[in-house]
Amino acid sequence: MAVQVTTRLGLLLLSLLAASVLVFAVVNVLPGDPASVVLGTNATPESLLALREQMGLDQPGWERYLAWVGGMLHGDFGTSLLSRSPVAPEILDKLAVSAPLAALASAVALALALPLGVLAGVRYRKLSGSLISALSLGGIAIPGFWFGLLLVTVFAIRLHLAPAGGFVPWSEDPPGALRSLLLPALALGLVQGAVLTRYVRSAVVDVQREDFIRTARAKGLTRGQALRRHGLRNAAIPVVTVLGIQLTSLLVGAIVIENVFVLPGLGRLLFQAVGNRDLVLVQDLVVLLTSVVLIVNFLTDLSYRLLDPRIRVAR
């Protein structure tokens, strides 16, 4: 087990290195000049040249890459090309919005999908199971931004139970910050929960057809006992895979929701950085999000070995 974890950790580090090289190469071949964005269209060639030297854009690509990666390893994420302010505090400030939002949305999705998905899988031939399946399909078909607008109309405008938008910093008012994230988390979590419900239902339906479930039933266990003791653990593997994908997509995939609720999260920051050609900020954000994806996949792979001992034996 230790050798397997060490091997996977080595592959994770190599993947992070390859991702940093790829991100740096892709971002730096994009058309456009950051100096022109800062100075405008009326800038003289001399001023553009001077600003490029000040930004370090005149240096070879490999030197800029090594300086960038070396700085990140020491906690220095560089300086924004436009605002000339450190990038790390700005990313941490936005992460304080996006990370709790993703965690709350994931909690909502799990609280919705696990009981409903298991119930739909156990009763898939009955009316209640068909009704849950139909509701989950409807949830998948509803766009997240439309559902967010509906929540704002009902709970913010009519009932005045939650703010319609904006965000209060955690340092100023923690309960107010939490209230600011409730409706966006519901908008994201209910839609993602509908998707996860379908996967939970399919996994439960499939595992009930396995031979070990029939053997457990033949030994005298009821359907519920066989499913609890032997089925749910096996059905969890595909569900964990989908949950890992959803968790990573919630960090950056909530750009539309962040715009609906006017939240200063990572999604809006990345969108603005790309539009402003702020290369350092774009690189840092993309590498951060890529690292989160790789680390979540690493943890998901480890969870397979905990859920299914056959994987440990096979490896």
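Computed from these coordinates, which is Cα extents along the principal axes in Å: [x] 46, 43, 43; [y] 85, 58, 34; [z] 48, 47, 41? Calculated Cα extents along the principal axes in Å: the matching label is [y].
Based on DSSP H assignment, which helices of the chain show an axial Cα extent of at least 20 Å together with a mean Kyte-Doolittle hydropathy greater than or equal to -1.0? Long hydrophobic helices here: 2-28, 87-122, 127-141, 174-207, 232-252, 279-307. Taking the Cα centroid of the range 106-151 and of the range 204-253, what is the distance between the two, rounded to the nearest whole Å? The two parts, judged by their Cα centres, are 17 Å apart. Taking 7 Å steps out from each Cα toward its Cβ at Asp93 and Leu131 produces label points 5.0 nm apart. Tell me which of Ser80, Leu112, Gly70 sits at the most positive position along the dipole axis of the range 54-127, charges placed on C-beta atoms (Lys, Arg +1; Asp, Glu -1). The residue sitting farthest along the positive end of the dipole is Leu112. Per-peptide packing, taken as the mean over residues of other Cβ atoms within 10 Å, places 114-124, 193-203 in the sequence 193-203, 114-124 from highest down.
Counting helices only, and only those DSSP H runs with n ≥ 4, report the 222 nm mean residue ellipticity of the chain as the sum of -39,500 (n - 2.57) divided by its residues, in deg cm²/dmol to the nearest 500.
Details: 15 runs with 234 residues, N = 315.
So the helix-based figure for the chain works out to -24500 deg cm²/dmol.
Quick note: the coordinates plus some simple rules give every number you see, no bench work behind them. On a predicted model such as this, the values are computed, not experimentally measured, just so you know. Counting neighbours? That spans all protein chains shown, and the Cβs are built from the backbone with ideal geometry, glycine included.
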